[in-house]
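Participant: Mind looking over this structure? Questions follow.
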Amino acid sequence: MSTAPVPELAETATACADRLHAAESVLVASHIDADGLTSAAVADTALERAGIEHEQVFFEQLDAEHIDRIAATEHETVLFTDFGSGQLDDIVPHERAGAFTPIIADHHQPADADTEFHLNPLLVGLNGARELSGAGAAYVLARALERDGVDNRDLAATAVVGAVGDMQDSGGELHGANAALVEEGVAAGALAEAKDLAVYGKQTRPLPKLLEYATDTYVPGISNSYSGAVEFLDGLDVACRDDDEEWKRWVDLTDDERQSVASALVRHAVSRGVPASKIERLVATTYTLTDEPEGTELRDASEFSTLLNATARYDRADVGLAVCLGDRTGALETARKLLRTHRRNLSEGLTWVKDNGVTDAGNLQWFDAGDEIRATIVGIVAGMSMGVDGVDRAKPVVAFARESETETKVSSRGTGALVRQGLDLSVVMGEASEAVGGGGGGHDVAAGATIPAGEEEQFIDRADAIVGDQLG
Ligand code: C5P
Ligand code: C5P
Ligand code: C5P
Ligand code: ZN
């Protein structure tokens, strides 16, 4: 076995791995989003290579009922990935009763109860929202599981897709423990990193669409304007169309051509008065999965993670997992269909927020999408809404969507700047939901909850007061 990728977690990882090697059969339970799917793929592959019998299940959120159901299965060992830490108060009683041994590879804020096999960056002073994701924790475990010449470093590429799916690269690149994973993926030949234009869709979007949709750094005259993007591209001394006059994609350009387009875009932004601090954000580190074909969603970590969210958040985690495990036929085709729906839903959701606006509660702003936005994606829409016209980046956003007749889903998103001022949304969601008979948690910058329907106003009052305390 080679050296541990994250030394702080090495001892726990080894203990967890030894316990797994001693297991008869393992049930792997994972969260349904890009990070959860990739954490499952990393864990399943490592267990497979270690010859440990295992089965996979997914849940949208891990609640007491799900844990009861898990306890009722035959499996004597349960590996939780990308959740479990926040639910230890419900897990540990089953462990004590002898139902199963829990092994947890997670990065969410832990509950009060603790257990022996608990792998979480937050327990060793690493940041769970920025330095290691659920898939990263699973990767650390996968490396510790290596025996007899098995090399799991190729799985770092999958883990990086998870970290990017959880937006751990939002500062422009992955850092902390994540950087060690990147290094191992590069060494294994599965991953490449490069500074490149920080826009979504470099593998698959035709150039004008790429620039039209690139709104994180708003470039007047190009962002949100297809004709503006076309005019800009046609004005460059770069062949942006192929011989059939079809638009090329970013991947179709040579390095020099990319450089020319990027420089021209920066010059254009400067000439339109975009401040230097924002222009800096036009360039970021991109992560390329070098074994995947060019021009596909699978080649770029950010596009891959979106493809996975498009499966898992629509009850098709099986499809996303199959793609992660290498299915390049039926599952990939199904995933691409789901991606079209997901993209449309995100765009319609964001339009709904723009049209309906948010309500200012004082310390936070909120909207209630009811049935207009699917509960499983309302968090992504809330995150994308930070910074659109009418939504203030200086206050966190809280979003509601209908989960069922009796339950409301809550999602909240902040910014790095707010977190530096003291915002911790995992505490806000946890305490405010508990006060109205629900439950929740997550990270400082992004958290969620489920509350009884009808309690939304009371929840907002409570959450607003807590945010006030944190930022005051
Ligand atoms: O379930 P979980 O940990 O996997 O999800 C994290 C969520 O936090 C993702 O939806 C991600 O988009 C969000 N996030 C964010 N901004 C960050 C970090 C994470 O919105 N800086
Ligand atoms: O790339 P990033 O993680 O910031 O994207 C967050 C979410 O927004 C992704 O799930 C992606 O589907 C969506 N997105 C998009 N088009 C964009 C930007 C983001 O579909 N231009
Ligand atoms: O659902 P949403 O995308 O808003 O979730 C944001 C973060 O909060 C995720 O990390 C998710 O796992 C966490 N969360 C939680 N408990 C809930 C809902 C969300 O820990 N009930
Ligand atoms: Zn996660």
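Participant: S30's amide H: which non-local residues (gap 5+, or another chain) put their own amide H closer than 5 Å, with H modeled 1.01 Å from N in plane and none for Pro or chain starts?
Facilitator: V57, F58, F59, T81
Participant: Please work out whether the chain counts as rounded, prolate or oblate from its C-alpha gyration tensor, where a ≥ b ≥ c are the square roots of the eigenvalues and a/c under 1.5 means rounded, while otherwise a/b larger than b/c means prolate and anything else oblate?
Facilitator: It is oblate, given that a/c is not under 1.5 and a/b is not larger than b/c.
Participant: Taking a ≥ b ≥ c as the square roots of the eigenvalues of the Cα gyration tensor of segment 1-139, is the shape rounded (a/c under 1.5), prolate (a/b larger than b/c) or oblate?
Facilitator: rounded
Participant: OK, next. Based on alpha-carbon atoms only, what is the radius of gyration of segment 392-467 relative to the globular estimate 2.2 N^0.38 Å?
Facilitator: That works out to 1.01 for segment 392-467.
Participant: Any chance you could check the Cα centroid distance between segment 301-336 and segment 364-386 for me, in angstrom?
Facilitator: Between the Cα centres of segment 301-336 and segment 364-386 lies a distance of 23 Å.
Participant: Where the centre of each part is set by its Cα atoms, how far does segment 421-472 sit from segment 9-30, in angstrom?
Facilitator: 33
Participant: Within segment 70-110, report the GluC sites (Glu not before Pro) that DSSP leaves as loop and that have at most 11 other Cβ atoms within 10 Å.
Facilitator: E74
Participant: Tell me which residues come under 5 Å, amide H to amide H, from A453 once H is placed; ignore anything under 5 positions away on its chain.
Facilitator: Hits under the 5 Å cutoff: E407, T408.
Participant: Rounded to the nearest 500 deg cm²/dmol, what is the calculated helix-only ellipticity per residue at 222 nm for the chain, with -39500 (n - 2.57) per DSSP H run of length n ≥ 4?
Facilitator: The helix contribution divided over the chain gives -13000 deg cm²/dmol.
Participant: In whole Å, how far is the Cα centre of segment 105-146 from that of segment 172-240?
Facilitator: 30
Participant: Using each residue's phi in segment 415-421, evaluate 6.51 cos²θ - 1.76 cosθ + 1.60 at θ = phi - 60° and report the 3J(HN,Hα) Karplus result to the nearest Hz, with x for Gly and Pro.
Facilitator: Couplings: 10, x, 5, 5, 4, 5, 7 Hz.
Participant: I would also like to ask the following. What is segment 52-110 by shape, rounded, prolate or oblate, if you read a ≥ b ≥ c off the alpha carbon gyration tensor as root eigenvalues and call it rounded for a/c under 1.5, prolate for a/b larger than b/c, and oblate otherwise?
Facilitator: rounded
Read the figures in this text as sums done on the coordinates, not as results from a lab. As the structure is a computational prediction, the values presented were derived from the model and not from experiment. Reconstructed Cβ throughout: ideal geometry from the backbone, glycine too, with neighbour counts over all protein chains shown.
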